[in-house]
Amino acid sequence: MSAIPSTDAVADSYDVIVVGGGPAGSTTASLVAEKGYDVLLLEREAESRFQIGESLVPATYWTLQRLGMVEKLKASGSPKKYSVQFFGRSGKASKPFYFFENDPHESSMTWQVLRSDFDRMMMDTAQEKGACVVEGAMVLEVLLEGDRATGVRVRLPDRAERTIAAAVIVDATGQSALMARRLKMKKEVPKLRKGSIYTHYEGAVRDEGIDEGATLIMSTENRDSWFWYIPLLGDRVSVGVVGSMDYLLQGRDGTPAEIFAEELALCRPLQERLSPARQLFPVKTTKDFSYRSERLSGEGWVLVGDAFGFLDPIYSSGIFLALKSGEMAADAICEGLGKDDVSADQLGKFGDEYLHGVEAFLKLIYAFYSKDFSFATFLKEHPECTQGVIDILSGNIFKEGVHEIFGPMEETMKKRRL
């Protein structure tokens, strides 16, 4: 699919304008356009770019199926992901958490994706379903009349600036968080000021069989940081280290590459996997500050994906929450347009359900970062909670009773503190 080259193909008004062509924005645009509404999808980048956030959790299957993406992913050659495995500070590995253990449906297998390819597939899907997709379009501002969004001012690829009206504006600008910053709604999640240093390797050691595509989470010896290890297409693996900003990137001598090497020296199982590998590009850094907007929606506008909130990447929740919030927002938008109601309540009607699920991820994230917590110890004491942990790691966070594991989890951590 190619970007629209000039202003001629862009109308003066739409039912919906989606700002941002990542997974959240493309999902919303696809599902609203599929219902016959006029949708404009504006993506800032002129072509899909490198990003981290490459691991899909199983629950993405249902939104991807609705989008018609499952068959595309099956044909993509992307590594199949059946499980997540954790390595403790000693280097000892937990039993893999196989998603299919209590659910044999094909949704229990998912993929590890190269984000530039995945995001391209998502935008192409939006265009196939009828959205007008413009890449290389810089949205300069969302136009507001009081609290009501009425359109956008945008610089199109030919450098022409246009004002385009819409009944609904969807902010899918990711961590740029256009509306949350504009309205001063963005608030950090306490205790999750993390940074990361990452790169890709070629020729690293992979496990065999169904474990080849597993996400591996490896703690360092001091548990002040952890590494992700995500197998990708073409003998490539994504490797990154995450730690608090104070520990990893602030007040510490050395370049990011030197710090990465120092942390790698504290993670023996990862050293073994990378010993025959070749690094493909210099390390990159990012600030993974977890945050949330104080509001999900307003009159004529709604936030999806990272534009609403970002969670620590430990459980690969990013793409799933992008897809799910985009799907929920699309349904609320279509219902609202159908009854001429684009109020904040209508556009954000999915908020309570969505946040209840997000809180399950958040609680498990806090547990992981507690030095009093160990998956092995917890599940040895409470084997009845195994399915609950797998549910959250799989993204089954909207099911009834998903929070029930956290009472026993707190009991286990209290015992370790004594």
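The values are calculated or read from the model by the stated rules, or taken from the named source; none is laboratory data. A quick note: this is a predicted structure, and the numbers were derived from the prediction, not measured. Every residue, glycine among them, receives a Cβ derived from its backbone with ideal geometry; neighbour counts consider all protein chains shown.
Among (1) closer than 20 Å to Ser316 by Cβ; (2) surrounded by fewer than 23 Cβ atoms within 10 Å (Cβ to Cβ); (3) touching a residue at least 40 places away in the same chain (Cβ under 8 Å); (4) of a type outside the set (Asp, Glu), which single condition is Lys74 missing?
(3)
Which ones in segment 220-243 are of a type in the set (S, T, N, Q) and either crowded, with 24+ Cβ neighbours inside 10 Å or under 17 Å from the mean Cα position of the chain (by Cα) (or both)?
Ser225, Ser238
In the set Ala204, Ala180, which member is over 21 Å from Gly91 (Cα atoms) and either among the aliphatic types (A, V, I, L, M) or under 24 Å from the mean Cα position of the chain (by Cα) (or both)?
Ala180
Which numbered condition trips up Leu266, out of (1) of a type in the set (A, V, I, L, M); (2) out of contact with any Gly (no Cβ under 7 Å at 6 or more places or on another chain); (3) in a strand (DSSP E or B)?
(3)
Is it true that some residue in segment 106-128 is surrounded by 17 or more Cβ atoms within 10 Å (Cβ to Cβ), small (Gly, Ala, Ser) and either in the same structural domain as Asn396 (by TED's automatic domain parsing) or touching a Pro at 6+ places or on another chain (Cβ under 6 Å) (or both)?
Yes, segment 106-128 has at least one match.
Residues that are assigned by TED's automatic domain parsing to the domain that holds Phe99: find the strands (runs of 3 or more DSSP E) completely inside segment 155-245 holding 2 or more of those.
Filter on segment 155-245 gives 186-202, 215-219, 225-232, 236-244.
Taking the conditions exactly as written (under 10 Å from Ser30 (Cα atoms), in contact (Cβ under 8 Å) with a residue 60 or more places away in the chain and of a type outside the set (S, T, N, Q)), does Met138 satisfy them or not?
Here the answer is no, as Met138 does not meet what is asked.
Return the residue satisfying two criteria in turn: it lies in segment 141-156 and is without any contact (Cβ under 8 Å) to a residue 60 or more places away in the chain and hydrophobic (A, V, I, L, M, F, W, C), and of such residues it is nearest to Ser343 (Cα to Cα).
Within segment 141-156, the match that is nearest to Ser343 (Cα to Cα) is Leu144.
Quick one: in segment 93-122, which of the residues that are basic (Lys, Arg) and touching a residue at least 24 places away in the same chain (Cβ under 8 Å) is nearest to Leu270 (Cα to Cα)?
In this case the residue turns out to be Arg115.
Only one of Leu67, Leu41 is more than 16 Å from the chain's Cα centre (by Cα), under 30 Å from Arg155 (Cβ atoms), at pLDDT 95 or above and not assigned by TED's automatic domain parsing to the domain that holds Ala329; which?
On inspection, the qualifying residue turns out to be Leu67.
Determine if segment 91-105 includes at least one residue that is on the phi > 0 side of the Ramachandran plot, modelled with pLDDT of 95 or more and either outside the structural domain of Asp391 (by TED's automatic domain parsing) or over 24 Å from the mean Cα position of the chain (by Cα) (or both).
no
Please go through segment 261-279 and pick out each residue that is in contact (Cβ under 8 Å) with a residue 40 or more places away in the chain and surrounded by fewer than 13 Cβ atoms within 10 Å (Cβ to Cβ).
Within segment 261-279, Glu272, Ser275, Pro276, Arg278 qualify.
Taking the condition assigned to a strand (DSSP E or B) and buried (at least 20 other Cβ atoms within 10 Å of the Cβ), does Phe289 pass?
It is false that Phe289 is assigned to a strand (DSSP E or B) and buried (at least 20 other Cβ atoms within 10 Å of the Cβ).
Which residues, counting only those in segment 177-192, are crowded, with 17+ Cβ neighbours inside 10 Å and either in contact with a Ser or Thr (Cβ under 8 Å, 6 or more places away or on another chain) or among the polar types (S, T, N, Q) (or both)?
Ala177, Met179, Ala180, Met185, Lys186, Val189, Leu192
Listed residues Ser394, Ser374; which is farther than 18 Å from Leu323 by Cβ and polar (S, T, N, Q)?
Only one candidate passes the filter, namely Ser374.
Quick one: which of Leu355, Leu393, Leu364 is within 24 Å of Lys191 (Cα to Cα), touching a strand residue (DSSP E or B) at 6+ places or on another chain (Cβ under 8 Å) and assigned to a helix (DSSP H, G or I)?
Unique residue meeting the criteria: Leu393.
So how many residues does segment 114-124 have that are modelled with pLDDT of 95 or more and in contact with a strand residue (DSSP E or B) (Cβ under 8 Å, 6 or more places away or on another chain)?
Qualifying residue count for the region: 1.
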